[in-house]
C-alpha cells in the first residue's frame with residue numbers, strides 16, 4: 001500500500017462500478033444526478049437475492065454513503081424523497097393520528113378506513129386471458145442501490161392477496177405542512193423519515209382495498225406467514241446500515257402490532273429478517289444481526305425470542321425455510337452444492353437431511369430453487385446451474401428437481417431458459433415464470449423488456465401472448481391463490497404494476 005489518500009470521487013465510482021456495473025457513472029456529478037433524477041426500481045434482478053445477506057455490499061454502501069454525506073453537506077436532493085404529486089391511494093393520516101412505537105416493540109393500531117382505491121386501468125392482453133393492471137398503487141420507494149422486496153403475497157387462509165407498498169407520496173407534505181426537500185445524510189436514527197408502508201387487500205388481484213399503514217415509519221416487509229387466523233409479516237425498520245429486525249402481526253389486516261425482534265447480545269449492530277414460516281410450534285423467522293445469522297421463534301407472532309440453533313453450519317446459506325409436521329425445513333447451500341436440514345418441533349436442533357451433487361469441472365454446479373407441488377404428485381423445484389460445467393452448460397438455465405417429500409431431491413431435466421427467469425409461481429394447470437427477456441447474443445446478452453412465460457410441465461415454456469414491451473422493470477413476485485395468479489413488478493418510475501391471470 002502506498003499510504004496515499006484515496007480520491008473520494010474515484011472511490012465512489014469504484015463502488016458503483018462493482019455494485020451496478022451497467023450503471024456506473026463517469027463522475028460524482030453524474031452519480032448525484034442519477035440518484036436524484038432516475039427513479040428507484042431500475043435495479044436489475046439478482047438471481048439469488050437474499051435481502052441484506054451481503055455484508056460486503058453493506059460495508060461498501062456505508063462507506064459510500066459516508067463519503068457522499070461529507071461531500072454533500074448542506075446539499076438537498078430531489079431523489080426518492082423529492083416532492084411528488086399525490087397519486088391514487090396516496091392519502092396519508094395526519095400527524096396527530098400517528099402512534100408511537102415504544103422501545104419494547106409494541107405499538108397501538110394504526111388503521112385507516114378501508115375503502116376501495118380509484119378504479120385502475122385494466123388492459124386485457126390480446127390472445128390471452130391475462131390483464132395488465134396499472135394505476136392502483138402510489139409510487140414506491142427504495143434506495144437506488146437496493147432491490148425492492150416481493151411486495152405482493154398470497155393470503156392462504158382466506159384466499160386472495162395482500163400487498164405492502166412502501167411509498168413517500170404525501171408523507172413529506174403532511175409532516176411539514178407543505179413540500180420539503182430530503183436532506184442527503186448518512187442513514188441513521190436521526191435521518192429524515194422518507195416513507196410509510198401501506199397495506200392493501202384484494203380477492204382477485206385486480207380490485208384492491210386500502211387496509212391500514214404499518215405502525216412503523218420506514219418499514220420494509222420481506223416475507224409473510226399465516227397460522228390460526230393470524231398473519232405475521234417480517235422485515236426491518238430503518239435504512240441500511242441502521243436497520244432493526246421487526247415483525248408485524250394482525251388478525252384482520254386493519255390493526256397491526258409491531259414487535260422488535262431481540263438480538264443477543266444486545267448491541268448497536270443492525271439486524272434484519274429475511275423470512276418466516278409457520279410450523280407446529282408457531283412461527284420461525286430467520287435473518288441477520290451484523291455478521292451473524294439468527295433464528296427467532298414465537299408461539300403467536302407477538303412474543304419472540306432468539307434461539308441458538310445447533311446442527312447447522314456456523315453461517316448457513318439459507319434460501320428458504322418451510323414449515324412441516326416435524327418442525328421446519330431449511331433449503332440452503334453448503335460449500336459445493338445444495339442441502340436441506342430438518343429441525344425438531346422448537347426449531348433449535350437441526351439435522352442435515354440431504355446433500356445435493358457436488359460441483360465438478362465436468363458437470364458444473366446445481367442448486368435448488370423455489371419449490372411447488374407437482375401436478376402428478378410430489379414436488380418440483382425450479383433451480384439453476386452455476387457457471388462452468390462443460391460446453392453444454394448455460395448459466396441461468398433452469399434445472400428441474402423432483403421430490404416426494406420436499407426434503408430429498410433428484411436431478412431431473414435441464415431446460416434452456418427462455419429469458420432471465422428469476423420468479424416462479426404455480427397456477428391451475430401448470431406454472432408461470434417471470435423476469436426479463438434476453439437481448440443480444442453470446443457474451444453481449446443483456447436485459448430486455450418484461451418477460452412472462454407459462455408451462456404445463458415446467459419443461460416447455462411459452463411466451464405470454466399479448467404482453468406489451470415494458471422496459472426497465474424489476475419483477476418482484478409471482479403468487480397465486482389457486483384461482484388467480486399475480487405477477488408483481490415495478491417500472492422505472494417506481495410504480496407497482498400487476499399482471500393478473502388464471503390457469504394455463
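Label separation (residue 438 vs residue 255): 5.3 nm, computed from points 7 Å beyond Cα along the C-beta direction.
Between residue 264 and residue 445, the modelled label-to-label distance comes to 4.7 nm, taking each label 7 Å out from Cα in the direction of the beta carbon. Considering every Cα-Cα pair within the stretch 292-334, what fraction, in whole percent, is farther apart than 11 Å? Tail fraction, whole percent: 72.
Per-residue extension of 0.36 nm, minus the Cα-Cα distance of residue 412 and residue 346, leaves a gain of 20.4 nm for this segment.
Decide, for the stretch 273-351, between rounded, prolate and oblate: order the square roots of the alpha carbon gyration tensor eigenvalues as a ≥ b ≥ c, take rounded if a/c falls under 1.5, and otherwise choose prolate if a/b is larger than b/c, else oblate. Oblate is the answer for the stretch 273-351, as a/c is 1.5 or above yet b/c matches or exceeds a/b. Would you mind getting me the FRET efficiency between residue 465 and residue 209? Use the beta-carbon distance for r and R0 = 41 Å, nearest 0.05. For R0 = 41 Å, the calculated efficiency reads 0.85.
Counting only the Cα atoms, the stretch 222-341 fills a convex hull of 105 Å³ per residue. Sorting the segments 349-355, 270-276 by their residues' average number of neighbouring beta-carbon atoms within 10 angstrom, most packed first, yields 270-276, 349-355.
Each value in this text was obtained by applying a stated rule to the coordinates, not by laboratory testing. Please read all numbers here as calculations on a predicted model, not as lab measurements. As a convention, Cβ positions derive from the backbone with ideal geometry for all residues, glycine included, and neighbour counts pool all protein chains shown.
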